[in-house]
Every structure is written in C-alpha cells, then in structure tokens.
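A.B. asks: Before I ask anything, let me first share the structure, which is written out below as structure tokens.
The values are calculated or read from the model by the stated rules, or taken from the named source; none is laboratory data. Keep in mind it's a predicted model, so treat the numbers as computed, not measured. Backbone-built Cβ (ideal geometry, glycine too); neighbour counts: all protein chains shown. These area figures cover heavy atoms from the full protein model, side chains too; ligands, DNA and RNA do not enter into them. Shrake-Rupley method; radii C 1.70, N 1.55, O 1.52, S 1.80 Å.
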Amino acid sequence: MAEEVKTPAPPPPPQPQPAKTGPSGGPEGEKKPTAEKPAAAESAAPAKPAAPAGKSDVPAKAAAPAKPAVPTPVPWTSPLVEKYRNQYGSGLEALTYLGQNYLSVDRSLIPDILRRLREDEQFDYCVDVTAAHYPKREKQFDVIWILYSFARNERMRVKTQIADGASIASAVSIWPTANWLEREVYDMFGIRFDGHPDLKRILLPDGWKGYPLRKDYGILQQDTEWVQINLGIESGQ
C-alpha cells in the first residue's frame with residue numbers, strides 16, 4: 001500500500017492588533033482638525049483719512065459773541081416835557097434811561113421846577129432825595145429828587161449838578177418829608193440845603209469828620225479821633 005503524503009497545515013491568520021490611540025482619543029498619527037481663526041471684526045471703524053498737511057483735527061474755536069450794547073439815555077418827550085421845555089429852553093433836558101424818565105435841570109431852576117411839579121402836575125409824593133459823587137467831574141455831584149404822582153400814577157426824577165462846596169435850595173417847604181431825606185444827603189455827602197429848618201447829621205454822630213458816601217472816603221475809613229474820645233477805644237473796626 002502506498003504511503004500517504006501529509007501536507008503541512010497552513011499557518012493561522014494574523015490577529016488584528018488594537019489601534020493605538022493618541023492624546024486626543026483618536027487614532028495615533030491622526031491630526032486633530034484645528035478651529036478656524038475668526039476673521040477680523042467686520043464692525044471695526046474704518047481708518048480715518050489722513051488730515052491734509054498743515055491742518056489740525058481740533059475744530060476751530062468759535063468766535064466770542066459780541067458784547068451787548070451799553071444802554072444809554074435817549075430823548076424823552078411828552079406834553080409835560082414840551083410845556084416846560086418851551087418855558088425854560090436850554091435850562092432843561094428831558095431824557096429816559098431804561099424806562100426811567102427824568103429832567104436834567106440847571107441848578108438855578110430847581111426851586112421853581114420842583115414847586116411847579118408839585119402844584120401844577122400833582123407830583124405830591126417826594127419818594128427820595130439822594131446824590132451821586134463823580135470826583136473827576138468839575139461839578140462833582142448829582143443831586144436827585146425822585147417824585148411820584150398818585151393822580152397820574154407816574155414816577156419822575158429831577159436832577160441837577162453842583163460843585164463841591166456849593167449848596168442847593170431845600171425842598172422842605174414843598175414836601176415836608178424832604179426834611180430827613182436832605183439831612184441824610186448832608187450826612188453822607190456833605191451837600192448843604194439852603195433854607196432847611198434843622199440841617200444836621202442823621203446817621204452819624206455830631207462832630208464826625210468825613211462823608212462816607214463820597215468816592216474818596218475809604219470803605220474802612222473812620223474818624224479815629226472821635227472813636228478814641230467818645231468810645232475810649234483805639235478803633236471801631
């Protein structure tokens with residue numbers, strides 16, 4: 001009997017090896033897809049165009065507004081004004097300033113003008129008598145009467161100029177209330193009123209030197225001698 005020839009068994013098929021994983025959990029060697037970088041923000045402001053040579057980006061400063069015109073007196077006319085202008089001519093000037101009517105009168109006409117305004121025009125209330133000092137003028141003082149008419153419901157001022165040391169006629173015989181008003185003007189400015197029944201100081205003591213509402217009287221000035229003699233102190237300040 002012929003001898004049986006044995007053929008060798010085929011080798012076992014190779015076993016699949018488990019795939020190695022990389023740090024990212026995927027197969028080793030596999031590249032992780034990278035996130036795309038966001039494009040530059042589309043909302044970014046466009047670049048400013050370059051300023052022309054010699055010009056600045058700073059806006060030009062606006063010009064300062066013009067100063068308003070200073071109010072000035074303007075002529076005033078009325079039947080009353082025409083009446084007295086015809087009589088006194090250049091001795092009387094009628095003006096208005098910011099709605100305030102006044103007569104600027106020569107000093108010699110003051111007694112007559114004031115009396116006629118009281119008796120003929122019904123300016124029966126003397127509101128005030130006051131003064132203003134202008135040291136650089138030849139006639140340094142304005143004396144002002146402020147009058148009111150109840151019947152006319154009208155206010156008026158009368159003023160005149162006098163030099164330092166000059167006096168003016170008193171209006172006490174026209175308006176008795178002018179008594180204390182004229183005393184105050186005398187006390188503060190040193191202006192004398194001819195015919196006043198009792199012209200003496202009303203605010204400061206008798207014997208006080210100086211007149212406090214004159215422009216040349218210092219704001220802290222005082223009669224040191226009077227203070228020392230009457231109050232027994234060096235200064236009243």
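A.B. asks: Residue 114 passes all but one of (1) modelled with pLDDT under 95; (2) in contact with a Cys (Cβ under 9 Å, 6 or more places away or on another chain); which number fails?
C.D. replies: So residue 114 meets the others, but not (1).
A.B. asks: Taking residue 194 and the conditions (1) at pLDDT below 95; (2) under 22 Å from residue 103 (Cα atoms), which numbered condition does it fall short on, given that it satisfies the others?
C.D. replies: With respect to (1) at pLDDT below 95; (2) under 22 Å from residue 103 (Cα atoms), residue 194 is out only on (1).
A.B. asks: Does any residue of the stretch 76-98 turn out to be over 28 Å from the mean Cα position of the chain (by Cα), β-branched (Val, Ile, Thr) and more than 22 Å from residue 214 (Cα to Cα)?
C.D. replies: yes
A.B. asks: Cβ-Cβ distance below 6 Å, separation of 6 or more or different chains: which pairs start in the stretch 183-205 with a residue that is under 14 Å from residue 170 (Cβ atoms) and end on one that is in a helix (DSSP H, G or I) and open to solvent by less than 30 Å² (accessible area, probe 1.4 Å)?
C.D. replies: Close Cβ pairs (under 6 Å, with a partner that is in a helix (DSSP H, G or I) and open to solvent by less than 30 Å² (accessible area, probe 1.4 Å)) amount to 191/185; 193/182; 196/182.
A.B. asks: Filtering the stretch 186-205 down to residues that are closer than 19 Å to residue 118 by Cβ and not aromatic (Phe, Trp, Tyr), which residue is least open to solvent (accessible area, probe 1.4 Å)?
C.D. replies: 196
A.B. asks: So residue 72 passes all but one of these: (1) surrounded by fewer than 12 Cβ atoms within 10 Å (Cβ to Cβ); (2) hydroxyl-bearing (Ser, Thr, Tyr); (3) modelled with pLDDT of 95 or more. Which condition number does it fail?
C.D. replies: (3)
A.B. asks: A further question follows. From (1) out of contact with any strand residue (DSSP E or B) (no Cβ under 9 Å at 6 or more places or on another chain); (2) within 30 Å of residue 91 (Cα to Cα); (3) aromatic (Phe, Trp, Tyr), pick out the condition that doesn't hold for residue 189.
C.D. replies: If we test residue 189 against (1) out of contact with any strand residue (DSSP E or B) (no Cβ under 9 Å at 6 or more places or on another chain); (2) within 30 Å of residue 91 (Cα to Cα); (3) aromatic (Phe, Trp, Tyr), just (1) comes out false.
A.B. asks: Among 199, 213, 220, which is assigned to a loop (DSSP other than H, G, I, E, B) and closer than 26 Å to residue 100 by Cβ?
C.D. replies: After ruling out the rest, the residue left standing is 213.
A.B. asks: Just to confirm my filter: which strands (runs of 3 or more DSSP E) fall fully inside the stretch 119-176 and include at least 1 residues that are of a type in the set (Lys, Arg), farther than 19 Å from residue 217 by Cα and open to solvent by 40 Å² or more (accessible area, probe 1.4 Å)?
C.D. replies: Output list reads 154-162.
A.B. asks: In this structure, is residue 127 β-branched (Val, Ile, Thr) and either closer than 20 Å to residue 180 by Cβ or over 33 Å from the mean Cα position of the chain (by Cα) (or both)? Break it down stepwise before answering.
C.D. replies: On the way: β-branched (Val, Ile, Thr): yes; either closer than 20 Å to residue 180 by Cβ or over 33 Å from the mean Cα position of the chain (by Cα) (or both): yes.
So residue 127 passes the test.
A.B. asks: Which of the residues belonging to the stretch 206-237 are modelled with pLDDT of 85 or more, open to solvent by less than 60 Å² (accessible area, probe 1.4 Å) and touching a Pro at 6+ places or on another chain (Cβ under 9 Å)?
C.D. replies: 214
A.B. asks: Just one of the numbered conditions (1) part of a strand (DSSP E or B); (2) under 26 Å from residue 177 (Cβ atoms); (3) touching a helix residue (DSSP H, G or I) at 6+ places or on another chain (Cβ under 9 Å) is not true of residue 93; which one?
C.D. replies: Just one mismatch for residue 93, condition (2).
A.B. asks: Let me ask another. Under 9 Å between Cβ atoms, at least 6 apart or on separate chains: pull out the pairs that start in the stretch 148-177 with a residue that is closer than 17 Å to residue 105 by Cα and end on any residue that is assigned to a strand (DSSP E or B) and basic (Lys, Arg).
C.D. replies: 166/192; 167/192; 168/192
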